[in-house]
Amino acid sequence: MEKVLCLDIGGSSIKSGLVDINGNILQENKNIIKNESYNGFLETVEEIVNNLDEKPAGIAAALPGGYDIKEDTIFAPNLQILNGRHIKTDIEKMCGIKVLAENDANLAAYGEYVFGDKKSVQNMVFCTLGTGFGGGLILNGKLLQSNITLFEVGHLSINIQGRKCGCGRNGCLDEYCSTSGLTEIYKEITGSNSNINPYILSEKAKNNDNAAIKTFEEYGKLLAFAFANLAALFCPEKIKFGGGLSELSYYYMASLISEFESLLFPAYKGRVKIERAVLKNQAGMLGGAALYFGL
Ligand SMILES: [Zn+2]
């Protein structure tokens, strides 16, 4: 059966797997990107391809940034060695295999959709909650794509006087609904400046620490605000969220749902479901395969 090599390119490593049309993943691996250079990056890709048991029909690359499909260039704030490079053309030349490239959050959205919701849902918003806030949009059963990556949802602002974002604006969701956004809430509530991470916060909440419980409640409300904005634009049948922070949804789901219901545009009441993603960190690879196979 024909297989596509899916690459999920992160800030310091590349996850990879050979995926067939049914979404089965073989030869799953994680390789550290060599010597923090673009050549090192290409060498790492070459090594992944050379170690496969069979030659793939194609390569699908999930990229950590905005991708210009026409120019084959990327803006990757967390992996600057890729900036300005022609990643698709260079891998095709090096490996002699056709490459499909797209933004990682968009591909994760499509993976979640095709391998989870396609039968019952037409329009879906997908958000990833992690070190940043990313997303993708499925409209009428198709991933919304254009010449350049669309749906940079992390850079919608929810506070014009809010914290400064890496993009230059204030109050972006990237700063508020991400890992650092969550821990900032805790620091504001407690007035403490000590280092804390989401996992420790969840342990505290489990042990009935009031500040930690309140932190997750406030986080759920911010997320509800973001989701209500997205619902007002697209009225999707479903808003799904994945990424590292989705693993802790137990602690904020109740506040997210109740706040979302109260903020949702009245005409859309009862039409927008909120759900946690199911594919975890394989969503990007599966989305790459789904797009490659035209699913
Ligand atoms: Zn921003």
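Taking only Cα atoms and a 10 Å spring cutoff, compute GNM fluctuations for the chain and point out the largest among Leu79, Leu223, Leu52.
Leu52
So how do 55-62, 201-208 stack up, highest first, on mean other-Cβ count within 10 Å? Before the final figure, lay out the partial values.
Values: 55-62: 21.2, 201-208: 15.5.
Top of the packing list down: 55-62, 201-208.
Can you find, among Phe126, Gly96, Val45, the residue farthest towards the positive end of the dipole of the range 1-140? Put +1 on the C-beta of Lys and Arg, -1 on that of Asp and Glu.
Ranked along the dipole, the leading option is Phe126.
Can you tell which of Asn193, Asn170, Asn31 shows the greatest fluctuation in a Gaussian network model of the chain with Cα springs below 10 Å?
Asn193
Kindly identify the range 1-142 as rounded, prolate or oblate by the Cα gyration tensor criterion: order the square roots of the eigenvalues as a ≥ b ≥ c, call it rounded if a/c is under 1.5, otherwise compare a/b with b/c, prolate if a/b is larger, else oblate.
Cα axes put the range 1-142 in the oblate bin.
Give the cross-link partners of Lys30 among the lysines, using a straight C-alpha distance below 22 Å as the criterion and excluding same-chain residues fewer than 8 apart.
Reachable lysines: Lys3, Lys15, Lys55, Lys88, Lys98, Lys280.
Take every DSSP beta bridge with both residues inside the chain and express the antiparallel ones as a percent of the total, to the nearest 5.
Around 60 percent antiparallel, to the nearest 5.
Hey, could you grab the Kirkwood Rh for the chain? Inverse mean 1/r over distinct alpha carbon pairs, Å, one decimal.
Evaluated on the chain, it is 19.8 Å.
Can you quote the Å³ per residue value for the convex hull of the Cα atoms in the range 107-280, rounded to an integer?
119
Which whole-number percent gives the relative contact order of the chain, counting Cα pairs below 8 Å spaced six or more residues apart?
Values: 585 pairs, mean separation 58.8, N = 295.
Dividing the mean separation by the residue count of the chain yields 20 percent.
Which whole-number percent gives the relative contact order of the range 107-280, counting Cα pairs below 8 Å spaced six or more residues apart?
23
Tell me the mean residue ellipticity at 222 nm calculated for the chain from its helices only (DSSP H runs of n ≥ 4, each -39500 (n - 2.57), averaged over every residue, nearest 500). Intermediate results must be reported in sequence, preceding the final value.
Working: 9 runs with 103 residues, N = 295.
Counting only the DSSP helices, I get -10500 deg cm²/dmol.
By its C-alpha gyration tensor, with a ≥ b ≥ c as the square roots of the eigenvalues, how is the range 86-153 shaped: rounded for a/c under 1.5, else prolate for a/b larger than b/c, else oblate?
prolate
If you average the alpha carbon positions of the range 129-196 and of the range 229-295, how far apart do those two centres end up, in angstrom?
Distance between centres, Cα-based: 15 Å.
No value in this document is a laboratory result; all are computed from the given coordinates. What you see is a predicted model; the values in this text were computed from it and never measured. As a convention, Cβ positions derive from the backbone with ideal geometry for all residues, glycine included, and neighbour counts pool all protein chains shown.
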